[in-house]
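See structure below.
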Amino acid sequence: MERTPNGTAVGVDDPYEFAGLCDYLTGDGQCRYAYDHYEHDPAFARERAQEGYACPIVDPDPDAESDPAWSECPHFRSRNRDRECVRCGLEEKRMAQSEERPLLEEHHLSYARDGEQLSHEITVYLCRWCHAKVHNSWARITDDVAPDPEAIAALENRRGREFDELGFQSAAERYESDDA
């Protein structure tokens, strides 16, 4: 199983199994990294510019049956944008103007090794209860589990407060107790 530099587990054997499309890939198959971040890797950017900024990994043929080999791209990044835990399915519920700790945390599946610089960022969302279990080596991301009871309670607490904020109470009802 993959591990962080500190030795804690990340919960997967191959981070690329959980990677989606590259965040820098445009809809027409171009590499936005080479265009937007020329100064980070000028040689890569020049090579991409000579090829019309075409992604070096994605096959431009829509009928191609091969999966992209993202590990071969030096600037691959895939950050999951789904706002639910990939392990238990708990959905995020954020409260406006609240400093509360989020229910979901971004979990990195790839880390630098032996002084090498990390070029691939692969992340998913885990609820904070699953995140702790994965890093403590008690669980894997692929486990088929239900949300932790504490997680459900925290989510329902936030939903209840959200409904309270949406409720209407007339001024007469609000100030009725002051007149009595």
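The values are calculated or read from the model by the stated rules, or taken from the named source; none is laboratory data. What you see is a predicted model, and the numbers here were worked out from it, not measured in a lab. In this analysis, Cβ positions are derived from the backbone assuming ideal geometry, glycine residues included, and neighbour counts consider all displayed protein chains. These accessible areas exclude ligands, DNA and RNA; they are computed on the full protein's heavy atoms, side chains included. Shrake-Rupley method; radii C 1.70, N 1.55, O 1.52, S 1.80 Å.
Which pairs do you get when a residue that is closer than 18 Å to A34 by Cα and hydrophobic (A, V, I, L, M, F, W, C), found in region 67-83, comes within reach of a residue that is open to solvent by 40 Å² or more (accessible area, probe 1.4 Å) and part of a helix (DSSP H, G or I), reach meaning Cβ atoms under 8 angstrom, with the pair 6+ apart or on two chains?
Close Cβ pairs satisfying both conditions: W70/Y16.
Tally time: how many residues in region 35-64 are open to solvent by less than 50 Å² (accessible area, probe 1.4 Å) and either in contact (Cβ under 8 Å) with a residue 40 or more places away in the chain or part of a loop (DSSP other than H, G, I, E, B) (or both)?
6
Any residue that is more than 15 Å from the chain's Cα centre (by Cα), at pLDDT 85 or above and β-branched (V, I, T) - is there at least one of those in region 84-97?
No - not one qualifying residue is present in region 84-97.
Quick one: is R140 charged (D, E, K, R), part of a loop (DSSP other than H, G, I, E, B) and either at pLDDT 85 or above or over 30 Å from Y24 (Cα atoms) (or both)?
Working: charged (D, E, K, R): yes; part of a loop (DSSP other than H, G, I, E, B): yes; either at pLDDT 85 or above or over 30 Å from Y24 (Cα atoms) (or both): yes.
Considered against the rule, which asks whether it is charged (D, E, K, R), part of a loop (DSSP other than H, G, I, E, B) and either at pLDDT 85 or above or over 30 Å from Y24 (Cα atoms) (or both), R140 comes out as yes.
Restricting to region 101-120, count the residues that are of a type in the set (D, E, K, R) and modelled with pLDDT of 85 or more. Quick ask: steps written out before the conclusion?
If we filter region 101-120 for residues that are of a type in the set (D, E, K, R), which is where we start, we get 101, 105-106, 113-114, 116.
Adding the requirement that they be modelled with pLDDT of 85 or more leaves 101, 105-106.
Final tally of qualifying residues: 3.
When you scan region 10-19, do you find a residue that is at pLDDT 90 or above and open to solvent by 20 Å² or more (accessible area, probe 1.4 Å), even just one? Full working, then the answer.
The first filter runs over region 10-19 and keeps only residues at pLDDT 90 or above, leaving none.
Within region 10-19, none of the residues are at pLDDT 90 or above and open to solvent by 20 Å² or more (accessible area, probe 1.4 Å).
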